[in-house]
Amino acid sequence: MNRIMNRCLVTALALVLVPGVMLAQDRRDKEQTYVMEHPYKVTKITPPQGKKVKNVILMIGDGMSLMHVYSAWTANRGKLFLTDNCQAVGLSKTYCADRLITDSGASGTAMAIGQKTLYHAVGVDTLGNPQPSLVNLAADKGLSTGIVVTCRLWDATPADFCCHNIDRDQEEAIVADYVNSPVQYVFGGGAKLFKNRKDGRDLFTELRAKGYQMPKTWEELAQIRSGKVFTVPYEVDAPVPAERGDILARASLKGIDLLDQNKKGFFMMIEGSQLDDYGHFNDLNMLMQEMHDFDRTIGAIYEWAARDGETLVIVTADHETGGLTLVGGELKEGKIVGKFSTGDHSGVMVPVYAFGPGAEEFTGIYENSDIFHKIKKLLGL
């Protein structure tokens with residue numbers, strides 16, 4: 001009896017503390033309708049004709065599936081920068097070393113280090129040994145490196161490229177790894193774990209001592225002209241799209257402007273982080289807002305890459321979240337009707353889109369860890 005009462009208390013407490021869980025359960029398997037009132041213009045971008053790959057930009061839509069993409073395409077009246085301009089499309093198998101259904105720790109790590117690892121691990125192999133990521137390998141070859149996200153920096157995807165831990169829930173330890181990462185440009189959230197820590201460390205002070213400029217706002221960041229930059233303007237995550245505006249695109253382009261000063265080239269990872277959140281919450285409205293924000297960022301990056309001529313842009317996902325199914329809608333009206341089947345991840349393959357020199361390397365069906373090896377080869381790491 002006591003065991004049953006304890007379980008009931010735990011369940012009740014979880015529902016009080018995590019209202020998103022209740023809302024997701026209320027929405028699941030029920031039709032939701034979204035209409036995009038103000039579609040945005042999508043232009044045709046002429047891809048570069050050269051073969052040389054000097055820079056690689058890896059863009060990850062956290063939890064983004066083909067259904068997310070197609071729903072966003074429908075809502076914007078059959079137009080997306082992503083789909084209308086990519087030159088090659090492939091499929092990535094997302095399972096991790098010990099589970100069919102992965103998480104962002106294991107799946108992002110596969111792309112970052114080229115090995116499938118354990119569920120919840122970040123930047124380590126299956127034995128828990130730290131492994132060099134694309135950020136490390138690029139830095140070792142003299143390339144510049146950057147990370148831009150809209151989530152907290154201790155979240156799995158950015159940590160996969162800069163940190164090492166067998167358990168993604170070890171958040172304070174994970175954040176501390178940024179101090180020793182060679183990454184030169186960082187933009188994301190999570191300021192609260194860089195300061196007021198249990199171990200008494202002030203990571204901002206330590207980063208400043210290593211030569212990083214530490215702007216606290218976009219306005220301060222915009223004024224920087226060169227050097228290493230570590231920007232954490234949010235205590236946890238960035239606000240919703242309606243409040244943050246196009247900060248993902250602006251922060252990404254600012255990072256590119258700084259990293260491109262290196263004549264040897266650069267590697268950058270950009271994440272549309274909060275698609276995953278609204279997949280978990282089964283919130284079609286907010287999911288589409290995040291998808292369209294990510295797509296407009298993709299458009300800005302494609303346009304820069306087309307002008308540069310030596311930059312490969314890869315857009316993919318770490319896994320699918322929410323089990324979204326498009327069950328109805330109207331293309332001319334930008335109307336979609338969808339259902340979610342889960343509040344967690346699913347095991348489907350995810351799309352890979354490529355634009356620029358080397359795009360042809362990303363056709364076909366392959367392991368998510370192969371994305372690492374393809375990038376490594378193209379950059380000569």
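The values are calculated or read from the model by the stated rules, or taken from the named source; none is laboratory data. Everything numeric in this text was worked out from a predicted model, so none of it was measured. As a convention, Cβ positions derive from the backbone with ideal geometry for all residues, glycine included, and neighbour counts pool all protein chains shown.
So for the stretch 369-378 (the condition being touching a His at 6+ places or on another chain (Cβ under 9 Å), in the same structural domain as residue 250 (by TED's automatic domain parsing) and at negative phi), does at least one residue qualify?
Taking every residue of the stretch 369-378 in turn, none turns out to be touching a His at 6+ places or on another chain (Cβ under 9 Å), in the same structural domain as residue 250 (by TED's automatic domain parsing) and at negative phi.
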Scan of the stretch 100-132 for residues that are under 15 Å from residue 269 (Cβ atoms), in contact with a Ser or Thr (Cβ under 8 Å, 6 or more places away or on another chain) and assigned to a loop (DSSP other than H, G, I, E, B), ordered by number: 114, 123
Please determine, by comparing only the residues of the stretch 87-115 that are hydrophobic (A, V, I, L, M, F, W, C) and without any contact (Cβ under 8 Å) to a residue 40 or more places away in the chain, which one is surrounded by the most Cβ atoms within 10 Å (Cβ to Cβ). 106
I'd like to verify a number: residues in the stretch 241-274 that are part of a loop (DSSP other than H, G, I, E, B) and either out of contact with any Asp or Glu (no Cβ under 8 Å at 6 or more places or on another chain) or surrounded by 19 or more Cβ atoms within 10 Å (Cβ to Cβ) (or both), how many? 8
For the stretch 84-97 the number of residues that are touching a helix residue (DSSP H, G or I) at 6+ places or on another chain (Cβ under 6 Å) and either of a type in the set (Val, Ile, Thr) or closer than 23 Å to residue 283 by Cβ (or both) is 1
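Among the strands (runs of 3 or more DSSP E) confined wholly to the stretch 287-381, which include 1 or more residues that are over 30 Å from residue 244 (Cα atoms) and hydroxyl-bearing (Ser, Thr, Tyr)?
Numbers: elements: 311-316, 325-330, 335-339, 350-355, 364-367.
Fully inside the stretch 287-381 and qualifying: 364-367.
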Has the stretch 142-152 got any residue that is under 17 Å from residue 375 (Cα atoms) and free of Cβ contacts under 8 Å to residues at least 40 places away in the same chain? no
Between a residue in the stretch 44-70 that is within 19 Å of residue 304 (Cβ to Cβ) and any residue that is of a type in the set (Phe, Trp, Tyr) and part of a helix (DSSP H, G or I), which pairs come within a Cβ distance under 6 Å, given they are 6 or more apart or on different chains? 45/302; 61/294
Check off (1) at positive phi; (2) within 18 Å of the chain's Cα centre (by Cα) for residue 265 and give me the number that stays unchecked. (2)
In the list 149, 135, which residue meets the criterion of being among the β-branched types (Val, Ile, Thr), crowded, with 24+ Cβ neighbours inside 10 Å and farther than 24 Å from residue 320 by Cβ? 135
